[in-house]
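Participant: Here's a structure for you.
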Ligand code: M5T
Ligand code: MG
């Protein structure tokens, strides 16, 4: 965080300089006031001590006391005007340096890092927590600069100035008035230690509340479908109530602390009036430039010491925010290009799995010792029960995750040695759950290839059997999609994701159940059109329907994360096993009259 402040040192220096001017002006105004009072007293009360002018200055002999007092009044006014001007300048500079500089820069750095983090990070953090970090916690971090670093410098500067001024007025009085300072300091420290854990817990509770909210918004169909609104409301109230209780506790601590410190400074004023008043009566201290200036200085001094508590509060807050922001900034990039990365223009498409094992948690392996070779241009169908590990297997190829042991080679080179961007450019993915952006249909299809021409976009859409329904919209390819493509049907969304993957024309195409949400007729259309699209590329497709499986060059049967059988449809149908069993069930359902023919 200090490095962050240092990188903005120019702006910080400007702020400190402006605050320094303000500080000097306020001390100057106070001095003018004190001197004027002494001049007035001298004129009004015969026998009172002569006024002492600051910095050895003497008014011209012909000036009457009234004229001196009026000049001082004018001086106070001018100081006030100049102060107002500088205060305005300060506000402008703070806004520019802090809100427009530090916050924006930090936020984009966090966002930048998020783009490069692996899937594991997103698995381990909720959406709400990530959003909170980019929005709220970033503010907490910047408050380290304008709520800690700059104030600390200013407090030190002003305390020194006040202290020196007070000591020059009267040493004994200064010491007597500052007697309570160690106590104030001790209280501040205790307070800080007490509230810090509370701030951390507060952020976690806010995360939980946001999670409840985001889940509710995203799952609005489920909530309404099951009539669970009252429970959802109660759940949110609980989460928000927990935040409130927690904040209330912090607030009560703050409310207790601030008056205590303020009471201590009232004690100081009492000491000043007693001891300082006696000094004035004894003639050891002038009234205006002595006692009154002292009183003003002491008030400022106490205000600064009280500010220390506020600063400590900010330190706690910003440390908590910083922990959360820097957790992102410092998260290791588990999956990144190696230093001496192998560049990959266009892969031939030979994939070789060598004893690959993988698990999301080290304790719970999902894939066990997979070995498999896929020739360039082969169409491989992946079959297996739900939860068998099909999606997991596919996600290893673009390195969304790395195997826990074993290797995957593309064209004879370990995937980990390739430049990551090159590798992913060579692999097209159609995910099991399609995701579309709130943009036009054309932009969604061209997501992986923003420079594609309208003709290329159209061709890809045709192959994915999407062109027809897109053209039915009045605005065609320029139709805007809503968030998540919610104005499309499930099958339409799937066909758009298919078009998106096809447009990139990758040498390796991975499709996770691409026709799950379309009717059999459309599926046939897609499969026919894809025949040409699949030609010349290595394709791995998770499939359940026989129509797809019959077209595959190779079928890989997964069971509980292990390959239990490999072969063509005909080969696998000839031997007993999970594949033939599953295929027969499908035939049973789809064509009742074939039943007798197959069962043996
Ligand atoms: C295989 C677990 C899941 C299952 C196993 C995606 C994902 C899966 N799993 C995790 O622990 N974390 C994850 O992020 O891994 O899951 P799969 O590979 O998704 O199975 P599938 O694609 O064969 O299933 P399906 O239903 O898509 O046909 O134990 O808990
Ligand atoms: Mg899956």
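Since every read-out is calculated from the coordinates, none of them should be taken as a lab result. In this text, all values refer to a predicted model and were calculated from it rather than measured experimentally. Positions of Cβ are generated from backbone atoms using ideal geometry, with glycine treated the same way; all protein chains shown enter the neighbour counts.
Participant: As an exercise, use a Förster radius of 51 Å and the Cβ-Cβ distance of residue 99 and residue 453 to find the FRET efficiency, rounded to the nearest 0.05.
Facilitator: That gives a FRET efficiency of 0.75.
Participant: Direction-averaged shadow area of the convex hull around the Cα atoms of region 495-542, nm²?
Facilitator: Over every viewing direction, the Cα hull of region 495-542 projects on average to 3.0 nm².
Participant: Mind checking the angle between helix 293-329 and the chain's longest principal axis? C-alpha axes, 0 to 90 degrees, to the nearest 10.
Facilitator: On a 0 to 90 degree scale, this one is about 10.
Participant: For region 141-207, take the convex hull of the Cα atoms, compute a quarter of its surface area, and give me that in nm², please.
Facilitator: 5.8 nm²
Participant: If you don't mind, there's one more thing I want to ask. Residue separation times 0.36 nm, minus the C-alpha to C-alpha distance between residue 52 and residue 400: what's the value?
Facilitator: In short, 117.4 nm is gained.
Participant: Here is a follow-up. Which whole-percent values make up P(r) of region 392-466 when all C-alpha to C-alpha distances are grouped in 10 Å steps starting at zero?
Facilitator: Taking all Cα pairs of region 392-466, the binned fractions are 15, 40, 28, 15, 1 percent.
Participant: Once fully extended, how much extra length lies between residue 74 and residue 194, figured as 0.36 nm per residue of separation less the alpha-carbon to alpha-carbon distance?
Facilitator: 38.3 nm
Participant: Okay, next question. Viscosity 1.567 mPa s, temperature 4 °C: Stokes-Einstein D of region 44-83 from its Kirkwood Cα radius, in µm² per second?
Facilitator: The diffusion coefficient I find is 109 µm²/s.
Participant: Separation of region 70-144 and region 463-485 by C-alpha centroid, Å?
Facilitator: Taking the Cα centre of region 463-485 as reference, the centre of region 70-144 is 42 Å away.
Participant: Taking 8 Å as the Cα distance limit and 6 or more residues as the minimum spacing, I'd like the relative contact order of region 237-391 as a percentage.
Facilitator: Relative contact order here is 12 percent.
Participant: With an 8 Å Cα cut-off and a minimum separation of 6 or more residues, compute the relative contact order for region 1-102 in percent.
Facilitator: 42 percent
Participant: Which angle between 0 and 90 degrees, to the nearest 10, do you get for helix 520-534 versus the longest principal axis of the chain when only C-alpha atoms count?
Facilitator: Helix 520-534 and the main axis of the chain meet at about 90 degrees.
Participant: Working from the pairwise distances between different alpha carbons, so that the mean of 1/r is found and then inverted, what is region 36-195's Kirkwood radius in Å?
Facilitator: 21.8 Å
Participant: On to the next question. Report Rg (one decimal) and Dmax (nearest whole number) for region 375-512, counting Cα atoms only, units Å.
Facilitator: Considering region 375-512 through its Cα atoms, Rg and Dmax are 16.2, 52 Å.
Participant: Cα atoms only, region 279-321: Rg and Dmax in Å?
Facilitator: According to the Cα coordinates of region 279-321, Rg and Dmax are 17.4, 55 Å.
Participant: Here's something else I'd like to know. Report the paramagnetic label zone for residue 462: residues of region 503-545 whose backbone N is under 19 Å from a point 7 Å from Cα along the Cα-to-Cβ axis.
Facilitator: Inside the label zone: 503-506, 522-536.
Participant: With no solvent and one equal point scatterer per Cα, compute the Debye intensity ratio I(q)/I(0) for region 211-276 at 0.13, 0.26 Å⁻¹ and report its log10, rounded to two decimals.
Facilitator: Treating every Cα as an identical point scatterer, log10 I(q)/I(0) equals -0.58, -1.02.
Participant: Based on the Cα atoms of region 416-455, what semi-axes does the equivalent ellipsoid have, where each is the square root of 5 times one gyration tensor eigenvalue, given in whole Å with the largest first?
Facilitator: Output for region 416-455: semi-axes of 23, 14, 8 Å.
Participant: A further question follows. Using only alpha carbons, build the gyration tensor for the chain and give me the equivalent ellipsoid semi-axes, biggest first, whole Å.
Facilitator: Equivalent ellipsoid of the chain: 76, 25, 22 Å, largest first.
Participant: Within region 255-299, name every residue whose backbone N is under 20 Å away from a label modeled 7 Å from Cα of residue 186 along the Cβ vector.
Facilitator: 256-269, 271
Participant: Kindly put 133, 449 in sequence by how many other C-beta atoms sit within 10 Å of each C-beta, fewest to most.
Facilitator: Fewest-to-most ranking of 133, 449: 449, 133.
Participant: Arranged by the count of other C-beta atoms within 10 angstrom, fewest first, what order do 83, 399 take?
Facilitator: Fewest to most other Cβ atoms nearby, the residues stand as 83, 399.
Participant: Right, here's the next one. Is region 220-359 rounded, prolate or oblate when judged by the Cα gyration tensor, a ≥ b ≥ c being the square roots of its eigenvalues, rounded requiring a/c under 1.5 and prolate requiring a/b larger than b/c?
Facilitator: oblate
Participant: Could you please rank 129, 405, placing first whichever residue has the fewest other Cβ atoms within 10 Å of its Cβ?
Facilitator: Listing 129, 405 from fewest to most nearby Cβ atoms yields 405, 129.
Participant: If I take all pairs of Cα atoms in region 324-407, what percentage of them are more than 14 Å from each other?
Facilitator: 73 percent
Participant: In addition: Angle between the Cα long axis of helix 104-116 and the longest principal axis of the chain, 0 to 90 degrees, nearest 10?
Facilitator: Here the helix axis deviates by roughly 20 degrees.
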